[in-house]
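Read-outs throughout are calculated quantities, based only on the coordinates presented, and are distinct from any laboratory measurement. Fair warning: this is a prediction, and the values are worked out from it, not measured in the lab. Virtual Cβ from ideal backbone geometry, glycine too; neighbours counted across all protein chains shown.
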Amino acid sequence: MNAPARSTMARDNINDILVFFAVARERSFTRAAAKLGMTQSALSHIVRSLEARLGVRLLTRTTRSVSPTEAGERLLQNVAPRLEEIEAEIAAISDLGGKPAGTIRITAIDHVIDHVLWPRIAPLLPQYPDLHVEFSADYRIVDIAAERYDIGVRHGDQVDKDMIAVRLTPDVRMRIVAAPGCFAARPAPVSLAELLTHNCINLRLAGSGGIYAWELQHAGEHVEARVRGQAVFTNAGHILRAALDGAGIAFLPDELAGEHIRAGRLLSLMEDWCPLWPGLYAFYPSRRHSSRALGLVIDAIRYQPT
């Protein structure tokens, strides 16, 4: 085979491998097609052609799921990071020639996007028209490298040690709250045993599908409270709305509940049970070069003590 033919085959392999990575990470042709803006049939054809050229099956397909084979997993683990390093280097070189540009993908909980990230990033966008920011609201513990996010946001004690972490907020006070009208017929709870008998508003975790256990703290001891109630939501904003409507007792961060407590719309309950959580941090993988666009966003969202 002559050199131009080998070069063309190598380029085809790289393009097709990137498609394979998308399918393998999403565990779904449907989700990968939506992310890449391609049809499922086109993705399936590309992956099958790649498998034929390599002479090995890369994906195990069933009617319900898609998962990498041993060969596919090896390709995903060993080749993907190297291609990402190449992409990072190209982005860094491109940055030298002009204004910050590109798309920064961020995953965080919805209320963090609303109350922390967006207010700090919004003023940045008019100044840099070639900068794009994509937000994904998610309560899962996301592997940002595997899912190709540039930035993740978690509480400080949840950030992996091999990540670069930048503080976004001071430590976060959690609150047990309810509308005053909730206690017209019976008194507000003052103990865990009493709390467990009240109508509470729950959060269903998207990743596991389970109900979140309230992480309380009393007399220095960590306590998981599995409360019950009529209403279950998948995000904190809806829980706040339900609490304000008198649907039950909620467990929310002060950044959401605080203004309503001060205005008298919510009562703060069992304050000696409410923990102080480590502050929020933005984190991203350690790389030799980070793009100017990423640096710009990080500088905009980092915590600035007053």
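Projecting the Cα atoms of TYR303, THR169, THR63 onto the charge dipole of the chain (Cβ charges, centred on the Cα centre) puts THR63 farthest toward the positive pole. Legend: helices of the chain (whole DSSP H runs) are marked when their alpha-carbon atoms reach 15 angstrom or more along the helix axis and their mean Kyte-Doolittle hydropathy is at least -0.5; marked are 3-26, 40-54, 80-95.
If you take the square roots of the eigenvalues of the alpha-carbon gyration tensor of the stretch 218-259 and sort them as a ≥ b ≥ c, do you get rounded (a/c under 1.5), prolate (a/b over b/c) or oblate? Judged from the Cα gyration tensor, the stretch 218-259 comes out oblate (a/c at least 1.5, b/c at or above a/b).
In this simple spin-label approximation, GLU134 and ARG74 carry label points 7 Å from Cα along the Cα→Cβ vector, and these lie 3.1 nm apart. Taken about its Cα centre, the chain carries a charge dipole of roughly 800 debye when the Cβ of each Lys and Arg holds +1 and the Cβ of each Asp and Glu holds -1. Given +1 at the Cβ of Lys and Arg, -1 at the Cβ of Asp and Glu and no other charges, the dipole of the stretch 221-265 around its Cα centre is 220 debye to the nearest 20.
Think of the stretch 172-277 as having a plus end and a minus end, set by charges on the Cβ of Lys, Arg, Asp and Glu; of ALA179, ALA231, SER208, ALA231 sits farthest toward the positive end of this dipole. Helical content of the chain, expressed as a calculated mean residue ellipticity at 222 nm, amounts to -10500 deg cm²/dmol (DSSP H runs of 4 or more residues, -39,500 (n - 2.57) each, divided by residue number, nearest 500). Taken about its Cα centre, the stretch 175-306 carries a charge dipole of roughly 540 debye when the Cβ of each Lys and Arg holds +1 and the Cβ of each Asp and Glu holds -1. Considering only LEU36, LEU18, LEU75, and ranking their Cα positions along the charge dipole of the stretch 3-78 that arises from unit charges at the beta-carbon of Lys, Arg, Asp and Glu, the one farthest toward the positive end is LEU36. Kindly state, to the nearest 0.05, the FRET efficiency for GLU84 paired with ARG53, given R0 = 22 Å and r defined as their beta-carbon distance. Once the sixth-power term is evaluated, E becomes 0.45. Centre-to-centre, using Cα atoms only, the stretch 145-170 and the stretch 187-242 are separated by 25 Å.
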